[in-house]
Amino acid sequence: MTKLRFCLVSLLVLLFALTAIAQIQNGQFTGTVTDPSGAAVANAKVMITNAATGLSVTATSNATGAYQVSELPPGTYKITIEAPGFKTFSDVGVTLNAGSTSHVDAKMTLGQTREVVEVTGEASQVNTEEAKLATTISSTQIENLPLNGRNVYDLMQLAPGAVNVNGVDFENGHGTVVNGLREDFNGFLINGVANKGLSGGVNNTPIEDTVQEFQQLQLNMSAQYGNSAGSVNNLVTKSGTNSYHGSVWEYLRNDKFDANDFFLNGGRAPDPRKDPNGTLCLTNSADCYHPPLRFNQFGGTFGGALIKDKLFFFGSYQGDRFKTAGTPQTITVESPAWRQAVIAAQPNSVAALLYQNFTPAITGSQLSTLDQYAPGTDATVIPSSVVAAGTPNYEQWLCPDFNSSTIAAKMATVLGVTANDLAIMSYNGGTNGHQPCSSLPAIQAGTASRSAAFINSSTAIFNTQTQTLGNLFNGNEASARLDYNWNANNRTFAQFNWFHSTDQFGPCNAACTRGFSNPSRSFFPNGQLSYVHTFSGTVVNEFRVGYTQNNTGIQVNHGGVPDIYFDDGTAGFGSYSGYPQFFKEHDYSYGDMVSISHGKHSIKVGVDVKRNIENSEFNVARPSYEMFDPIYFAADAPAEQVAGVDPGFTGSNPAQLATNIRHWRNVEFGTYFQDDWKASRRLTLNLGIRYDIFSRHNELNNLATTFKLGPGVGLANQIASANAPFSTAQDSSTPPNYLSSCNPSTVANPSTAILAGV
């Protein structure tokens, strides 16, 4: 009958197509019951009770005196062992950690059962049951260790072999390399349920005061742990108890209470908002730059029993309010004089519109005049160094042969044209000299002074609500957990973690100094459901369901302004052309695992299934314009323009802005068999095998691009006929001319024209 039950339970496990990634949130007790002579005591009754929740589980020692109780939540337990003819053995205050095996032996003493021999916290301090290398940090340590932003995942760096690579490498994985493996090789779990994004790294970060234990597995993990070649980091959260407990807190940071940064204060760095000329300030004066920092974390927890020994709850909330300044950047911007000259000369131009509405926050100080930036001359004698081929000068830019007459005319209204300019434009300097213009503009006055400031040196300062290398953010967090102990053979818990952060400024570059921002928001929920059923004293089953989401999005505050950037490094306009964008991942994990104690064997059999869904929009569709410099910008003359377009020529459709909304799907499956065989009291063999399948990602609507060059002569024709086989009626040596409508005089490179969507 016992063998039949063993086979049925094993078959039941293999039929389940459900799991969590790894079942390490629970622990187990093992030990041996012996008499005074060291002989095994069989059929001893072992009762294990959680002092906080009243959970009680019983087991019986086998013929060798060994006992095992699996899948117990971490906590402090009392172990009571009874056997006829022996005094009752009682061990109180025994700590059981997540994912660990606590070994408690009982040496019975002859006497009456009603007599009790009590010890306190007696458990083997050396792990003789498993060969894994792990680091466990208790709730007391978590509460007392300094954590920047109260981020419990910083505890990863306390383990041997863990290295902080923040600011060095930027892969997802909480900035930590473990045992030399890549960051996104790290695994993250909450109560044994996956908490890892599809590209690696942490999704939800639980509130510090809700974490009961932090455990990191670094080496020699058993077969039940999959999907992570690096470390496996599991957080076990607190549950309610028969006693009511709560906490409240507020942590405050404010630059008003802080000394200035050493390199800013010691170097007497001026505040560019108050001192645009950059004069050294006096130490601690109002003109010294002191970056703002406003950070408040506040919240509380509360837990207890709704029904004593049966139903427990635990809830928490934390608010995070953060605002600071990004790292100041030295930039170049147009001078107010140039800006006004462009507005006066070309009031209806795009340049004038943007200059009027998006001026730099800090004007800065003069870096160069127009004459210094673009060398030219009004001298009667023309130096060869000025007119030599390749020398940049504004007389060349005004030459209609170099630019279209329309662009030249716009430039002339800003720069002006003098008699000496005409002399330069008509001068023939020989083979290496300036080639004369075929036609000359008329003499006219410009709105810009060639000796006035043209480019200024400035500083880009903008606010932010996130820290790239820190744990500070702006948002709200909450969690709720319910535990229900039906009876001695059935218990369950459900928990939901909520994490939402916002940044009204978002990722920034120099354009942010003009008032452009990219508001962002992130949403990282995580939920777990577990059901544990005890079939007998030797067979325990755990069924688990989990869900986590990685939901991020970036918007723009001025969507009508394209991405405009300058080759000379001058601060541009607009947001990155890849914004707006969003990524939304849904990760569903299901599982079942059976723990079996059979003689000297501790067996775990289980399967893992993970369903991954990603819906995203990442598309460089908004137009972007490359400008040589502010002079060309004043003439509305871009060097290059790019937009995400569907040129339409392959399907004879009109060209239109492209979209890139995709819906990716894949499934991960794993199954394992682990046998911890205690061959003798001095030898334990950890044997296991695991098999994993990771299916390839598929696009739900078959929108994945598989690009194959088609037939044709030249790259342009091959692109045009991509993914289209030759027609049987068509001679492959004479492919159709897809560019027959192009004017060769205006399309110098047909391949480039097609790639640009012309």
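Here is a list of conditions, (1) modelled with pLDDT of 90 or more; (2) within 30 Å of H245 (Cβ to Cβ), and G27 meets all of them except one; can you say which number that is?
Condition not satisfied by G27: (1).
Checking the structure you have, find out if any residue of segment 678-696 is of a type outside the set (A, V, I, L, M) and within 23 Å of V642 (Cα to Cα). Give the steps one after another, and end with the answer.
Restricting attention to segment 678-696, the residues satisfying the condition of being of a type outside the set (A, V, I, L, M) are 678, 680-682, 684, 686, 688, 690-692, 694-696.
Cutting the leftovers down to within 23 Å of V642 (Cα to Cα) gives us none.
No: zero hits.
Being in contact with a strand residue (DSSP E or B) (Cβ under 9 Å, 6 or more places away or on another chain), outside any strand (DSSP E or B) and within 24 Å of S602 (Cα to Cα) is the requirement here; does G578 meet it? Even if it seems obvious, please write down each step before you answer.
Values: in contact with a strand residue (DSSP E or B) (Cβ under 9 Å, 6 or more places away or on another chain): yes; outside any strand (DSSP E or B): yes; within 24 Å of S602 (Cα to Cα): no.
Judged against the criteria, G578 is not a match.
I'd like the residue in segment 400-412 that is more than 20 Å from T447 (Cβ to Cβ) and over 50 Å from the mean Cα position of the chain (by Cα) and, out of all such residues, is modelled with the lowest pLDDT.
Per the stated criteria, the residue is D401.
Name the pairs: first residue in segment 328-344 and within 30 Å of D261 (Cβ to Cβ), second residue part of a helix (DSSP H, G or I) and among the aliphatic types (A, V, I, L, M), Cβ to Cβ under 8 Å, at least 6 apart or on different chains?
These pairs meet every condition: Q329/A510; I331/A510.
On the given criteria, is N612 within 16 Å of Q25 (Cβ to Cβ), part of a strand (DSSP E or B) and out of contact with any Gly (no Cβ under 8 Å at 6 or more places or on another chain)?
Against the criterion (within 16 Å of Q25 (Cβ to Cβ), part of a strand (DSSP E or B) and out of contact with any Gly (no Cβ under 8 Å at 6 or more places or on another chain)), N612 does not qualify.
If you scan segment 619-655, which residues turn out to be within 23 Å of H558 (Cβ to Cβ) and exposed (fewer than 15 other Cβ atoms within 10 Å of the Cβ)?
Correct list: A639, E640, Q641.
Within segment 502-548, which residues are among the aliphatic types (A, V, I, L, M), in a strand (DSSP E or B) and farther than 18 Å from A194 by Cβ? Spell out the reasoning first.
Restricting attention to segment 502-548, the residues satisfying the condition of being among the aliphatic types (A, V, I, L, M) are 510-511, 529, 532, 539-540, 545.
Restricting the remaining residues to those that are in a strand (DSSP E or B) gives 529, 532, 539-540, 545.
Result: V532, V539, V540.
Going by the conditions given, is G226 in a loop (DSSP other than H, G, I, E, B), within 35 Å of the chain's Cα centre (by Cα) and modelled with pLDDT of 65 or more?
Criteria met by G226.
How many residues does segment 549-574 contain that are on the phi < 0 side of the Ramachandran plot and not in a strand (DSSP E or B)?
Taking segment 549-574 as the starting set, the residues that turn out to be on the phi < 0 side of the Ramachandran plot are 549-568, 570-573.
Checking the rest, the ones that are also not in a strand (DSSP E or B) come to 555-562, 567-568, 571-572.
Qualifying residue count for the region: 12.
Can you tell me which residue within segment 328-357, out of those that are in contact with a helix residue (DSSP H, G or I) (Cβ under 7 Å, 6 or more places away or on another chain) and surrounded by fewer than 17 Cβ atoms within 10 Å (Cβ to Cβ), is modelled with the highest pLDDT?
Q356
Could you tell me whether V642 is within 29 Å of F524 (Cβ to Cβ) and of a type in the set (A, V, I, L, M)?
So V642 does not fit the description; no.
Kindly indicate the residue of segment 579-616 that is surrounded by fewer than 21 Cβ atoms within 10 Å (Cβ to Cβ) and among the small types (G, A, S) and also nearest to the chain's Cα centre (by Cα) among those meeting that condition.
Among those that are surrounded by fewer than 21 Cβ atoms within 10 Å (Cβ to Cβ) and among the small types (G, A, S), it is S616.
Would you say K600 is within 30 Å of W677 (Cβ to Cβ), among the charged types (D, E, K, R) and in contact (Cβ under 8 Å) with a residue 24 or more places away in the chain?
Values: within 30 Å of W677 (Cβ to Cβ): yes; among the charged types (D, E, K, R): yes; in contact (Cβ under 8 Å) with a residue 24 or more places away in the chain: yes.
Taking the combined requirement at face value, the residue satisfies it.
State the number of residues belonging to segment 179-208 that are over 12 Å from the mean Cα position of the chain (by Cα) and over 22 Å from S239 (Cβ atoms).
Looking only at that region, the number is 7.
Can you tell me how many residues in segment 481-499 are crowded, with 17+ Cβ neighbours inside 10 Å and of a type outside the set (A, V, I, L, M, F, W, C)?
The qualifying residues number 6.
Restricting attention to segment 538-561, which residues are over 30 Å from L72 (Cα atoms) and either surrounded by 21 or more Cβ atoms within 10 Å (Cβ to Cβ) or hydrophobic (A, V, I, L, M, F, W, C) (or both)?
N550, I554, V556, V561
Here's the yes/no breakdown for (1) touching a Leu at 6+ places or on another chain (Cβ under 6 Å); (2) β-branched (V, I, T); (3) in contact (Cβ under 8 Å) with a residue 40 or more places away in the chain:
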site: N541; (1), (2), (3): no, no, yes
site: T552; (1), (2), (3): no, yes, no
site: G559; (1), (2), (3): no, no, yes
site: D587; (1), (2), (3): no, no, yes
site: I596; (1), (2), (3): no, yes, yes
site: V607; (1), (2), (3): no, yes, yes
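For segment 476-491, enumerate the residues that are assigned to a strand (DSSP E or B) and at pLDDT below 95.
First, pick out the residues of segment 476-491 that are assigned to a strand (DSSP E or B): 476-487, 490-491.
Selection gives N485, W486, N487, N490, R491.
Looking at segment 179-201, which of its residues are modelled with pLDDT of 90 or more, more than 18 Å from A480 (Cα to Cα) and of a type in the set (S, T, N, Q)?
If the condition is that a residue be modelled with pLDDT of 90 or more, more than 18 Å from A480 (Cα to Cα) and of a type in the set (S, T, N, Q), then N186 is the only one that fits.
Could you figure out which of (1) part of a helix (DSSP H, G or I); (2) of a type in the set (D, E, K, R); (3) surrounded by fewer than 17 Cβ atoms within 10 Å (Cβ to Cβ) isn't true of E171?
Only one criterion is unmet by E171, namely (1).
The values are calculated or read from the model by the stated rules, or taken from the named source; none is laboratory data. Only a predicted model underlies this, so the values are computations on that prediction, with no experimental measurement involved. Backbone-built Cβ (ideal geometry, glycine too); neighbour counts: all protein chains shown.
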